[in-house]
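The values are calculated or read from the model by the stated rules, or taken from the named source; none is laboratory data. Bear in mind the structure is a predicted one, so any value in this text is a computation, not a measurement. With ideal geometry, Cβ positions are generated from the backbone for all residues, glycine too; neighbour counts draw on all protein chains shown.
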Amino acid sequence: MQNSTPTLGASCAHHPRYRLAHRRTTAMPKFGKREIKNLKKVIHSGNFADHAGGFMDDLRCDFADALDAKHAICGATAMLLMHAIPPAIGAGAGDEIICDSVVQFHGIACLHNNVVPVWADVRPDNFLLDADKVEEKITERTKAIWVTHLWGFPAEVDKLREIADKHGIYLLEDCAHALTTKYKGRYLGTWGHVGTFSFNMGKQLPTGEGGMAITNDDALATELNKRIIFGESPEVLSSNYRMTEFQAAVAVAQLTRIPGYMRKYRKGKAYLDEVVAGCEWLDTRAQAEDCTIAPYHWSCLFHGERAGIEQGVFKAALMQAAGGRFNTGFTQRPAYIYSLFRDPASYGLKGWPFGYEGEMQTHEGLCPVAEDVIPRIVCTNNMVKPSECKRKAKLLRKAIALAESGTVEPLEYSDIERAVLAVVEEGGQMEPSEVIAALDERGLAHLDEHSAFAIMEGLRDRYPYKLSHAGPRKFQYHELA
């Protein structure tokens, strides 16, 4: 009798569904003589921390000048700078900050300061904070509006600033994806009271880690500095969020490369936009008038109902034509549905931020537009060479044709994927070797470690709301709250 146990050897990694798990994309950031020269100067100086005449001084001046800002404040990471902002503006236990509902980062920064994130809906045409939905969220506890310029597109910061000024609250800008984006003649980060930028390795100015905050408010600059430099001001609770000279040395060099990067990213974006322009059931994001875009991820929105195409069919067509180059559905759900914001245990205490007189709102239906559009987002990395975007555009065109042909079946779990996912669900956090052992024990499948990793990475890419990285080779299963 033939053994019915599914087997999948090393060759599975060559299947179109998995073959991109380990493939490196043609990344754009360039590191060369400028960076090496600066790093050598740091080594030879013998001073790797912030000091007069060092690279951090240069970076603060160069960055502020580049974005027409008065103050630039270096940080170890953008996330740590975001942690420092609520107390710097006087927001604390029981206060509220209005956040857009697509990403979680500002909400996390709020919880670190016992501030309650209040989620506002986004526009259906560009996935950015809807200014018309913000004012209804303002209460006597509101201290600020925190807007994300998702993937390099500018939100309606002019309207948001008007609302903030009207109510005497702060406007905070998360510009992690939007370096050099201009809106109505002004750089993002200068419309609000403070803007933050990320120098993470996957961002537009990569230094490994690092970040920058800019502001034109002298008092706010002082308050931020108090909270990121341990011991700078003993009368306030502060920490050590300082950047190193190594990060600054690389950032100074990378800043000179940004105009060249942006020209190439925009060229790549145009290739992808052109494909979608000819498709009635995919929409590119709406771009505001009188603005520039700093491409980060390219994205469009699926409207299969216009042509009678199921989303599962398009996912299958994309996987068949382009492997793992495109993500469909982003995170599948708004940030407030994450267990982080729903389960008091995940906060690390026995209850939500103390001193809060309201009720934390995280129920389904809270932001109906975000809940509708997020699962329909199609996106891919735009920060690659134009030739790679051109190739992606060709593959996207092929996927569109496949979806329209009626010959593609909806993408579903294979038996082997279902078995792997079940094992990880039971284990919570697992490495490929642990998955292999569990599968063998149950007689479900026979895999080698390379194949197991490829399957897990493929599942994580397709279903990030179910599976995420918990380490270099460890995966975490998430229950859908």
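One table, with the values for the structure above:
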| item | result |
| --- | --- |
| Complete set of residues in segment 425-453 that are under 12 Å from F475 (Cα atoms), modelled with pLDDT of 85 or more and surrounded by 21 or more Cβ atoms within 10 Å (Cβ to Cβ) | M430, P432, V435 |
| All positions within segment 295-336 that are in a helix (DSSP H, G or I), among the aromatic types (F, W, Y) and closer than 19 Å to A401 by Cβ | F314 |
| Single residue of segment 206-238 satisfying the filter (assigned to a loop (DSSP other than H, G, I, E, B) and acidic (D, E)) that is modelled with the highest pLDDT | D217 |
| Enumeration of residues in segment 121-156 that are closer than 17 Å to V194 by Cα and touching a Gly at 6+ places or on another chain (Cβ under 7 Å) | K143 |
| Criterion violated by E388 - all others in (1) surrounded by 18 or more Cβ atoms within 10 Å (Cβ to Cβ); (2) under 30 Å from D130 (Cβ atoms); (3) in contact with a helix residue (DSSP H, G or I) (Cβ under 8 Å, 6 or more places away or on another chain) satisfied | (2) |
| Qualifying residues in segment 132-186 (those that are among the small types (G, A, S) and within 21 Å of T284 (Cβ to Cβ)) - the one surrounded by the most Cβ atoms within 10 Å (Cβ to Cβ) | A178 |
| Members of segment 236-293 that are touching a Ser or Thr at 6+ places or on another chain (Cβ under 9 Å), in the same structural domain as C175 (by TED's automatic domain parsing) and charged (D, E, K, R) | E245 |
| Test: residue in segment 342-354 that is in contact (Cβ under 8 Å) with a residue 60 or more places away in the chain, of a type in the set (A, V, I, L, M, F, W, C) and crowded, with 19+ Cβ neighbours inside 10 Å | no |
| Members of segment 35-61 found to be surrounded by 17 or more Cβ atoms within 10 Å (Cβ to Cβ) and either of a type outside the set (V, I, T) or not assigned by TED's automatic domain parsing to the domain that holds T244 (or both), listed by number | E35, N38, L39, D50, G54, F55, M56, L59, R60 |
| Filter result for G211 (buried (at least 23 other Cβ atoms within 10 Å of the Cβ) and touching a residue at least 12 places away in the same chain (Cβ under 8 Å)) | yes |
| Number of positions in segment 337-346 that are assigned to a helix (DSSP H, G or I) and either at pLDDT 95 or above or of a type in the set (D, E, K, R) (or both) | 1 |
